[in-house]
Every structure is written in structure tokens, then in C-alpha cells.
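Just so it is clear, none of the values below were taken in a lab; they were calculated from the coordinates. What you see is a predicted model; the values in this text were computed from it and never measured. Here the Cβ positions follow ideal geometry from the backbone for every residue, glycine too, while neighbour counts run over all protein chains shown.
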Amino acid sequence: MPVEQSRLAFPAYPRREIRFHLIDLVVRLMPTGWKYCGSRILLKTPITESEEIGVPEPYTWMWAGPKEIAYIDQHAEATSPTAYARRAARGDRCLCIMLGADVVGYQWVTRRNGCVMCGFGPGMEIILFPLARDQAFAFDLYAYRNFRCRGIGTMLKGLLYQRLREEGIREVLSLVSPDNHAAFRLQLRLGARPDRMVYTYRIRGWSKTFLGPRNDKQLNKWMQQFMLHSVARPKIDLVRNANRQ
Ligand SMILES: CC(C)(COP(=O)(O)OP(=O)(O)OC[C@H]1O[C@@H](n2cnc3c(N)ncnc32)[C@H](O)[C@@H]1OP(=O)(O)O)[C@@H](O)C(=O)NCCC(=O)NCCS
């Protein structure tokens, strides 16, 4: 079921401004460490026909197998330890850019449903909207610090879109934090369209997600801030600096 049709499972926020602040306050005041409030922008990227994306030597790309999953799990920059193996076990896939046997960046994708804290332990993951047959949900895009600003993130997205298109996917959904300018810029550059806000709350085992309304003031505000403050990052040559980490 596409996001448009899944709003019943996902109540829109009628008077979001007041309710949002109230729920936010309640969650923040809860006397427990197990709580979470998140505001993300839902991005929709139409997958169109494109030229074949090449990966320049000495780099290669592959879908992660057990070796690559173990590599990213044990890496010092691992953001979701143990979740990687859980995701792989249920069929989520991880596209990797490799330098020899080392992973330098990766991007996860699922055709099951949208999620927050995808693959985290029991009771931690928050399941969002279901996906239509021709939709996929991309999450956890990561380029290791020493390999940023070399086009790895762009390449991962491009490769992913191409592979998904071959599988019949026509739209990729993803979530981005409004203040994550690097990820936001990258996705906008590749054709992503900000759709609406997604507000997620958790208190211990209870969680609730709200889909923001169209023409969301908060989203417009974030977009304005982004346009004003986002700046291009210095670019580093990917191939010339392959061995300089
Ligand atoms: C977001 C993230 C994945 C971006 O990865 P990245 O590899 O640095 O991204 P790219 O190099 O493709 O793009 C960065 C810049 O390099 C430029 N670039 C693109 N191709 C390039 C190339 N061949 N050579 C050099 N630079 C290139 C891009 O134009 C881009 O510039 P911009 O700032 O104007 O957008 C990375 O910053 C990261 O891992 N962040 C932490 C995790 C995170 O926030 N993930 C997103 C969750 S939604």
C-alpha cells in the first residue's frame, strides 16, 4: 500500500503545532531513560532510467554477505551494532562500496516497510508505513569518515537506484533528519522530493508515529533554514586519494 493510502494506520496531525509540542513535552518529562522523540523529513525519489553508474578502480561494489556484515558490525564507527545481522537475517539488503576487502561505505534497503531504528533489538525498532510493490525504503546510508566528500554516498545512491529499477521499483522512500545537511543535499541532488514530516515518539515499549500534514509549517521552516545555511563541502578526488586515509 503506498504511503498515500496508508494514512489510516498513520493519523495525520490536524492541529499539529499544539499537539506536537504537548506530546514532545510529555515524552521529555517521562521519568524513564527509555524515551525518544524524532522529527524526520520523508523523502520520495522517483527512480527514472539513467546511464549505467560506474565504480572507478580500485573500488568495487557488492551486496553485503556475512563477511561484510561482520566488518561493518565490528567497525569503530558502527552506528547500529548487532542490528546489521538482524536486518540481513530478515532479508534487508546492504549495498557496499569496497576498497579491496574493506567496506568504505554502505546503504541499506528493504522492501518490507519504512522503519526507524531499523533492526534494533526487540521493542526498539519502530515500524512505519507499509510499502507498495514498486516502492522500497532506503535507510542507514554511511560513508566512513576517511572516505567522505569523494562521491561514495552519491555512488551508493546511484547504484542502488539502478539495481532497484531493474527489480521494478519506481520510487524510493527515505527519512532524513532536517539538520543533516550533508545527507539532505545529497538526496535532493539525486532527485528526492521532500514529502512531509514524520514525527515519532517512544516511551519504553510504547511508540507512536504521526505523518505531518501537507504544507507543514515545520517542514517549510526546515527547508528555508536548509536553503539559507547549507553549503557545499570541499570535494576530494576519490581515485587519487584511494590509499590516503
Ligand atoms: C551523508 C553521507 C553518507 C555522505 O557521504 P559522502 O560520501 O561524503 O557523499 P558524497 O561524497 O557523495 O557527496 C558529498 C559531496 O561530495 C561531492 N562529490 C560528489 N561526487 C564526487 C566525486 N566524484 N569526487 C569528489 N566529490 C564528489 C558531492 O557533490 C557532495 O557535495 P555537496 O556537499 O555539494 O552535496 C556521509 O556524510 C555520512 O556517512 N554521514 C553520516 C551518516 C549519515 O548521516 N547518513 C545519512 C542518514 S539519512
### Query
If r is the Cβ-Cβ distance from residue 36 to residue 241 and R0 is 30 Å, what FRET efficiency results, to the nearest 0.05?
0.20
### Message
My understanding is that a pair violates if its Cα-Cα distance is over 21 Å; which of 44/217; 35/221; 35/217; 35/208 do that in this structure?
### Response
35/221; 35/217
### Query
Residue farthest toward the positive end of the dipole of the chain, with Cβ of Lys/Arg at +1 and Asp/Glu at -1: which of 136, 224, 103?
224
### Query
In vacuo Debye scattering of region 151-245, one point per C-alpha: log10 I(q)/I(0) at q = 0.18 Å⁻¹?
-1.02
### Task
For an R0 of 45 angstrom, estimate the FRET efficiency from the Cβ-Cβ distance between residue 224 and residue 124 and round to the nearest 0.05.
0.85
### Query
Hey, what does the equivalent ellipsoid look like for region 3-229, semi-axes from the Cα gyration tensor as sqrt of 5 times each eigenvalue, largest first, whole Å?
30, 21, 17
### Task
Just order 227-240, 25-38, 141-154, 105-118 by mean Cβ neighbour count inside 10 Å, highest at the front, would you?
105-118, 141-154, 25-38, 227-240
### Highest to lowest packing among 170-180, 207-217, 69-79, scored as the average C-beta count within 10 Å
170-180, 207-217, 69-79
## Note on the structure
Nearest 10, in degrees from 0 to 90: the angle of helix 16-29 to the longest Cα principal axis of the chain is 80
### Task
Please work through the chain and write down the cysteines that have no neighbouring cysteine Cβ at a distance under 4.7 Å.
37, 94, 96, 149
### Message
Kirkwood Rh over alpha-carbon pairs of region 157-204, then Stokes-Einstein at 4 °C and 1.567 mPa s: what D in µm² s⁻¹, rounded to an integer?
### Response
103
### Query
Taking θ as phi - 60°, what are the ³J(HN,Hα) couplings along region 220-231 by the Karplus curve (6.51, -1.76, 1.60), each to the nearest whole Hz, with x for Gly and Pro?
4, 5, 4, 4, 4, 5, 4, 4, 6, 10, 6, 10
#### Entry: Value in Å of the Kirkwood radius, where region 197-245 supplies the Cα pairs that are averaged
14.9
### Query
Using +1 on the beta carbon of Lys and Arg, -1 on that of Asp and Glu, and nothing else charged, what's the dipole of the chain about the Cα centre, debye to 20?
820
### Message
If I model a spin label as a point 7 Å beyond the Cα along the Cα-Cβ vector, how far apart are those points for residue 214 and residue 233 in nm?
### Response
3.4
### Task
For region 196-241 and region 78-123, compute the distance between their C-alpha centroids and round to whole Å.
20
